[in-house]
């Protein structure tokens with residue numbers, strides 16, 4: 001029986017090493033150094049493991065003096081030091097973990113008398129050109145990054161200590177060769193999005209891969225298995241093991257393996273490295289700055305391209321001999337590249353949220369719809385749920401919201417309701433936090449909640465609050481939701497916002513100055529926001545909606561101008577916005593109004609002034625009582641309006657002119 005202390009046990013390599021230790025030594029007690037806040041992570045990690053009761057958290061910190069430990073477990077046989085910052089893009093801040101942390105672990109090994117197994121890296125070779133054996137250490141190499149230097153200094157501390165040490169130097173570690181699992185984007189994974197784009201090229205177009213050198217890649221399961229095997233072989237004396245691929249992998253081999261996994265059909269053609277050198281490793285400041293700017297837009301740290309290949313060949317003859325009886329060896333990259341690629345696509349592809357489900361463009365999408373308890377919001381939620389979306393409805397009225405949610409669920413849809421006042425910042429922030437916590441993510445937002453006031457300017461001179469209330473819902477309410485969700489969408493590199501505007505914005509309909517101004521402000525906000533978020537995969541659609549038969553237009557009665565459409569027809573426009581993501585969706589009558597503003601602005605003013613004169617203020621605007629009646633469901637103009645009335649004749653003329661101008665789906 002052997003007892004262990006393991007640092008870095010919750011890291012990627014540690015997650016693969018711990019199960020093997022438990023399996024190899026059924027009586028072993030394993031103490032894992034973790035911060036207090038990481039105990040839960042460790043417990044979840046070992047929950048499914050046989051022997052989980054033999055894993056014990058050892059609360060401490062690599063960056064704390066004496067590791068921040070209180071009581072040290074007794075009878076420790078092995079200390080497996082996996083803990084370190086493995087990040088070539090990090091700076092000198094990693095020294096406290098990699099260097100000082102190792103110094104503290106060495107002191108712990110001396111105090112306990114345990115054998116120290118230090119996980120180093122081939123980075124200790126720096127930029128050495130030539131063959132680097134397992135007996136080599138200081139060969140005059142330089143260290144191109146802080147990561148290289150700290151790994152060298154850490155190993156130096158171990159080698160100069162009075163401990164019984166073993167050192168393991170893995171090369172660049174990839175995901176598991178069978179499951180493809182890896183916990184973060186690193187190394188060649190930074191270039192996977194680029195491989196994915198190249199895979200779309202036709203087979204007739206050759207892909208050139210420069211001969212710029214080779215790298216060394218191994219799967220994590222090989223490294224973990226080799227470490228545990230070598231620990232139990234108990235070799236005598238201080239030893240160093242190179243856990244590397246015996247044959248360095250040229251960049252062409254790496255590209256061919258991953259491009260094949262990505263489904264690429266294009267032929268690969270090699271070109272001399274000297275041809276690509278000015279682009280891959282430019283020496284001049286301006287060219288280098290330009291290259292770095294392009295890489296940054298692609299999400300690739302420039303340092304990764306600088307060290308895409310390594311000038312060193314690592315001899316691993318001694319390690320191969322020690323592992324020969326176990327048959328532990330790294331498989332060829334081509335054999336497991338497919339598993340790595342599939343895992344990356346499902347879990348790490350920064351653009352994975354943009355991919356459509358083959359079952360439908362809205363299938364599985366999480367769509368937040370404001371004003372979801374009635375009208376356009378309810379009809380849109382029902383339509384989206386029928387297409388397989390998870391609809392998340394917001395409204396102030398909890399009772400009516402619950403009724404809509406229940407109705408969608410009764411028909412097999414996936415719906416949830418959250419009471420929320422979009423005019424209240426605290427309410428919105430709390431609701432968004434709850435939604436993300438309970439549903440993991442939000443793909444799309446439909447800003448549908450709205451308020452309309454029809455009142456002429458002359459009757460509004462003492463009613464500034466009408467403008468403030470309208471802006472509070474139509475503009476600030478929508479902006480509040482966008483601002484709350486945009487960081488989340490940016491992190492996922494995908495999001496789509498549909499803003500329900502109005503054809504009245506294009507036509508500048510009289511007596512709607514408060515409403516039109518609020519919607520116009522939202523239009524302008526969306527146009528500006530769309531220019532800033534495009535590269536993050538966040539897009540906007542503005543729907544200039546016609547009149548819709550909802551409770552909002554009821555007080556206007558027969559003063560509504562133009563055709564009135566059903567909520568279902570309005571929902572169809574929302575579905576088009578969610579699926580096709582056009583910049584805007586316009587109606588014929590709205591387009592006619594906008595053309596008038598561009599080509600005959602004064603003529604348009606005269607025309608709209610006639611609308612103003614022919615359509616008086618409603619009873620509500622005049623301060624008179626009115627009866628609220630249900631909006632007709634057939635929407636036939638002859639039944640809804642008196643055909644002889646001036647308002648009906650104007651509406652009929654507007655509809656006829658509108659038919660001459662197509663609606664636009666830009």
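Here, each number is a calculation from the coordinates, and none is a lab measurement. Note that the coordinates shown come from a computational prediction; the quantities given were computed from them, not determined experimentally. Note that we place each Cβ from the backbone using ideal geometry, even for glycine, and neighbour counts take in every protein chain shown.
The figures follow:
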{"read-out": "FRET E, pair residue 359, residue 23, Förster distance 45 Å, beta-carbon r, rounded to 0.05", "value": "0.70"}
{"read-out": "Residue 274/residue 127 FRET efficiency (R0 30 Å; Cβ-Cβ; nearest 0.05)", "value": "0.95"}
{"read-out": "Between segment 369-421 and segment 156-171, the Cα center-to-center distance that results, in Å", "value": "61 Å"}
{"read-out": "Segment 490-531 and segment 43-63: distance between their alpha carbon centers, rounded to Å", "value": "52 Å"}
{"read-out": "Using a Förster distance of 35 Å, the FRET efficiency for residue 463-residue 583 (Cβ separation, nearest 0.05)", "value": "0.50"}
{"read-out": "Where labels lie 7 Å past Cα in the beta-carbon direction, separation of residue 318 and residue 411 in nm", "value": "7.2 nm"}
{"read-out": "Alpha-carbon centroid distance for the pair segment 570-607 / segment 189-259, whole angstrom", "value": "55 Å"}
{"read-out": "Fraction of antiparallel bridges per DSSP, the chain only, in percent to nearest 5", "value": "5 percent"}
{"read-out": "Whole-number D in µm² s⁻¹ for segment 357-435, Kirkwood Cα-pair radius fed into Stokes-Einstein, 4 °C, 1.567 mPa s", "value": "104 µm²/s"}
{"read-out": "With Cα atoms, 0 to 90° folded angle of helix 12-24 axis to the chain main axis", "value": "50 degrees"}
{"read-out": "Potential extension, residue 110-residue 286 segment - 0.36 nm per residue separation minus Cα distance", "value": "58.2 nm"}
{"read-out": "Among 36-49, 100-113, 381-394, the order from most to least packed when residues are scored by Cβ within 10 Å on average", "value": "381-394, 100-113, 36-49"}
{"read-out": "Least to most buried among 404, 436 (fewest other Cβ within 10 Å first)", "value": "436, 404"}
{"read-out": "Inter-probe distance in nm under a simple model that places probes 7 Å from Cα toward Cβ, at residue 607 and residue 89", "value": "5.4 nm"}
{"read-out": "Full-stretch length increase - residue 164, residue 66 - with 0.36 nm per residue and alpha-carbon distance subtracted", "value": "33.4 nm"}
{"read-out": "Angle in degrees between helix 333-343 and the longest Cα principal axis of the chain, rounded to the nearest 10", "value": "40 degrees"}
{"read-out": "Linear extension gain, residue 527 paired with residue 204, 0.36 nm per residue minus alpha-carbon span", "value": "112.3 nm"}
{"read-out": "Cα-based helix-to-principal-axis angle, 601-614 vs the chain, degrees rounded to 10", "value": "60 degrees"}
